[in-house]
Amino acid sequence: MSREKSVTTSGIDASGDRSEPGSVSLGYRLASLRNDHGYSMRELGRLANVSPSLISEVERCRSEPSIAVLKRLAEALGTTLTHFFSEGSNASGRVIRNAERRALGNDEVVDSPFGVRFELASPDEAESLEAIIGIYSEDASMGDEPVTHHGEEWGMVLEGRFKVTLGDEIYFLEAGDSIWFRSSTPHRIENVYAGTSRYVWVDTPKTF
């Protein structure tokens, strides 16, 4: 059975403590944006279908939410996942160099218990599409719950093997295989390879 994977929240917590110099934590950003909207934890929890206690733990950097939970929180707050993680990219224009891709998740994905790392492979100037490099450690997934949103997606496996669940249908994809589907279909992606798996994924409109 797969384990629900989460992302790290190191940095400045909601009480002002700093665990990594120069960084701003996911919890701090979540608390700031929630306060900007004037939402209580209970109100945000209702909008995002997330328990207020979990929101409190995330804001205090005491819990590490799954990507699926963060997507719901971002949608409820009218933003994207990149708001919680990145300071903005110096890259602009048409080309994103390998060293310039912004990362969402843990830098040491293979050696961490969290297991999922996303890298943005498209520039900020792209208006309607978004390219993601997904890196999953063994048994990693986006979370136990399938996700849905507006738009459509195309992805291709670069390395390893993925199990893609679309509603009641299941597909196993290996290196070189690609898939397309409408994002309104409940979907979930899991690494079922005995090692690290990678893909390139394109969403339109942007979801991160």
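The values are calculated or read from the model by the stated rules, or taken from the named source; none is laboratory data. Predicted, not measured: the structure shown is a model, and the values here were computed from it. Quick reminder, even Gly has a Cβ in these numbers, built from the backbone with ideal geometry, and neighbours come from all protein chains shown.
Values as computed for the structure displayed
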| item | result |
| --- | --- |
| Conditions (1) part of a loop (DSSP other than H, G, I, E, B); (2) in contact with a Ser or Thr (Cβ under 9 Å, 6 or more places away or on another chain): number failed by D203 | (1) |
| Conditions (1) of a type outside the set (K, R); (2) in contact with a helix residue (DSSP H, G or I) (Cβ under 9 Å, 6 or more places away or on another chain); (3) in a loop (DSSP other than H, G, I, E, B): number failed by F118 | (3) |
| Matching option when the condition is within 17 Å of the chain's Cα centre (by Cα) and not hydroxyl-bearing (S, T, Y), among G167, G195, G115 | G115 |
| Residue match in the range 103-111 (condition: within 27 Å of I55 (Cβ to Cβ) and at pLDDT 85 or above) | no |
| Test result for D144, in a loop (DSSP other than H, G, I, E, B), on the phi > 0 side of the Ramachandran plot, touching a residue at least 40 places away in the same chain (Cβ under 8 Å) and surrounded by fewer than 19 Cβ atoms within 10 Å (Cβ to Cβ) | no |
| Among residues of the range 60-90, those that are surrounded by 17 or more Cβ atoms within 10 Å (Cβ to Cβ), within 19 Å of E127 (Cβ to Cβ) and modelled with pLDDT under 70, counted | 0 |
| Selected residue (criterion: surrounded by the most Cβ atoms within 10 Å (Cβ to Cβ)) from residues of the range 130-141 that are in contact with a Lys or Arg (Cβ under 7 Å, 6 or more places away or on another chain) and assigned to a loop (DSSP other than H, G, I, E, B) | A140 |
| Residues satisfying the stated conditions in the range 176-189, i.e. surrounded by 15 or more Cβ atoms within 10 Å (Cβ to Cβ) and farther than 17 Å from K206 by Cα | D177, I179, R188, I189 |
